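The values are calculated or read from the model by the stated rules, or taken from the named source; none is laboratory data. It should be emphasised that the depicted structure is a prediction, and the values quoted were computed from it without experimental measurement. Virtual Cβ from ideal backbone geometry, glycine too; neighbours counted across all protein chains shown. Just so you know, the surface numbers come from the protein's heavy atoms only, side chains and all, with ligands and any DNA or RNA stripped out. Shrake-Rupley method; radii C 1.70, N 1.55, O 1.52, S 1.80 Å.
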Amino acid sequence: MTQSVVVQVGQCGNQVGCRFWDLALREHAAVNKKGIYDEALSSFFRNVDTRSGAVGPDIYKGKICSLKARALLIDMEEGVVNEILQGPLRDVFDSKQLITDVSGSGNNWAVGHKLYGYQYREDIVEKLRKTAEHCDCLQCFFIIHSMGGGTGSGLGTFVLNLLEDEFPEVYRFVTSVYPSGEDDVITSPYNSVLAMKELNEHADCVLPIENESLCDIVNKINQMINSGKLGSTVKQNSLVTSSTANAKTLQEKPFDAMNNIVANLLLNLTSSARFEGSLNMDLNEISMNLVPFPRLHYLVSSLTPLYTLADVNVPSRRLDQMFSDAFSRDHQLIQADPKHSLYLACALLVRGNVQVSDLRRNIERSSETTSDPDISRGIQFIWDPIQRAQGCAPASEPV
């Protein structure tokens, strides 16, 4: 099986990354009851023998000894990384795979990209190479960063450039969190524009996520909790905003809830790479099927349902609703209305016991339009919708 490396840059990148690793560990723990280091775990984790010291050799088979995330943590302020190292996941991260500074980038793209980028270039390259050496078949680099801050936008895109130079054959998948229109950082629009140029040139695939869309989803979940609409079909503590979410928690810590949504998106995106399924979709196939030209690599993502169903056997009626929600602007992580746009391609990554025939029926249904051309309810695609990519992975227990 192939392996992937996660590069977390800046405050936002490290907070989202920390939530991703937490959810991934919970998911694997729910599936891997015997504590065996298998191929599913090896895709994102190393198994290190720590009996002879803090840093020992990798163990490729047998019982789990000490799991280490295939990750590199970078931030020009120590606060968030120190918080992670003092938290419950402190043993998951290799202390030698951290790069921090004290002063920060001052919300300035140029400071992160030009100053810190060249100052830490050799250190970043060396740690990336060490991480890659622990992989048997390195397939992908996941970069998680924000576009509004100085470190995330500046140093994050500098790392992206380095990856293209040092690992040109390895797929570069970027998750970029964009600031909202009400952002109180006056330089965030400039940082975003400057970072966009780098994403255009050096990324293989970009998953843009807007803070405003995340806020809307958090508010939607708040309304669902307060109105009692979730019902008995939903497992307890299974909302995408938090593993122990309630209305009070969402209101007090909205950023934690927003980070958890992004982490859930990445968790589901990588599920077919981590687990076997009936229609597994390799991560490279996302770029192969959805990116027609090198610069047209920005994907519109959506997430549905916003909770874990009590039964992994998804009935046809429930799937129909989930399919409609996936193409609804209320469930998308970027402010765009799919019914007013044209899709070049679409990938459906489904988790749970779903019939492929139901998937195909919904794909055909999504392109149906009314007789009146001015009142089209369908989603417009460039080519035959049946030829769009599909992927099915097993559902995990709630995390």
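Numbers below:
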| item | result |
| --- | --- |
| Unmet requirement for Q11, which otherwise passes all of (1) open to solvent by 60 Å² or more (accessible area, probe 1.4 Å); (2) under 28 Å from E210 (Cα atoms); (3) assigned to a loop (DSSP other than H, G, I, E, B) | (3) |
| Qualifying residue in region 362-384 (condition: of a type outside the set (A, V, I, L, M, F, W, C) and modelled with pLDDT of 80 or more) | yes |
| Residues being open to solvent by less than 70 Å² (accessible area, probe 1.4 Å), within 17 Å of V193 (Cβ to Cβ) and assigned to a helix (DSSP H, G or I) - total across region 105-150 | 6 |
| First in region 323-336 and of a type in the set (F, W, Y), second anywhere and open to solvent by 30 Å² or more (accessible area, probe 1.4 Å) and part of a loop (DSSP other than H, G, I, E, B), Cβ under 9 Å, 6 or more apart | F323/T304 |
| Residue within region 44-66 that is under 19 Å from S271 (Cβ atoms), modelled with pLDDT under 90, outside any helix (DSSP H, G or I) and open to solvent by 40 Å² or more (accessible area, probe 1.4 Å) present | no |
| Among (1) surrounded by 13 or more Cβ atoms within 10 Å (Cβ to Cβ); (2) of a type in the set (A, V, I, L, M, F, W, C); (3) not in a loop (DSSP other than H, G, I, E, B) - the single one A30 does not satisfy | (1) |
| Selection within region 80-93 - open to solvent by 30 Å² or more (accessible area, probe 1.4 Å) and either within 22 Å of D58 (Cβ to Cβ) or of a type in the set (A, V, I, L, M) (or both) | L85, R90, D91 |
| Any hit, region 67-79, residues being in contact (Cβ under 8 Å) with a residue 40 or more places away in the chain, under 16 Å from S153 (Cα atoms), open to solvent by 10 Å² or more (accessible area, probe 1.4 Å) and part of a loop (DSSP other than H, G, I, E, B) | yes |
| Considering residues of region 18-41 that are out of contact with any helix residue (DSSP H, G or I) (no Cβ under 8 Å at 6 or more places or on another chain) and in contact (Cβ under 8 Å) with a residue 60 or more places away in the chain only, the residue farthest from L89 (Cα to Cα) | A30 |
| Identity of the residue in region 164-177, without any contact (Cβ under 8 Å) to a residue 60 or more places away in the chain and open to solvent by less than 20 Å² (accessible area, probe 1.4 Å), that ends up farthest from N200 (Cα to Cα) | V170 |
| Residues of region 85-104 satisfying the condition of being part of a loop (DSSP other than H, G, I, E, B) and out of contact with any Ser or Thr (no Cβ under 8 Å at 6 or more places or on another chain) | Q86, G87, P88, L89, R90, V92, F93, D94, D101, V102, S103 |
| Some residue of region 112-135 being within 17 Å of P189 (Cβ to Cβ) and at pLDDT 95 or above | yes |
| Answer residue from region 319-354, given it is in a loop (DSSP other than H, G, I, E, B) and touching a Leu at 6+ places or on another chain (Cβ under 8 Å) and is most open to solvent (accessible area, probe 1.4 Å) among those | L344 |
| So D184, is it out of contact with any Cys (no Cβ under 6 Å at 6 or more places or on another chain), surrounded by fewer than 16 Cβ atoms within 10 Å (Cβ to Cβ), over 28 Å from K68 (Cα atoms) and not aliphatic (A, V, I, L, M) | yes |
| Scope region 230-267; condition open to solvent by 70 Å² or more (accessible area, probe 1.4 Å) and at pLDDT 65 or above; matching residues | F255, D256 |
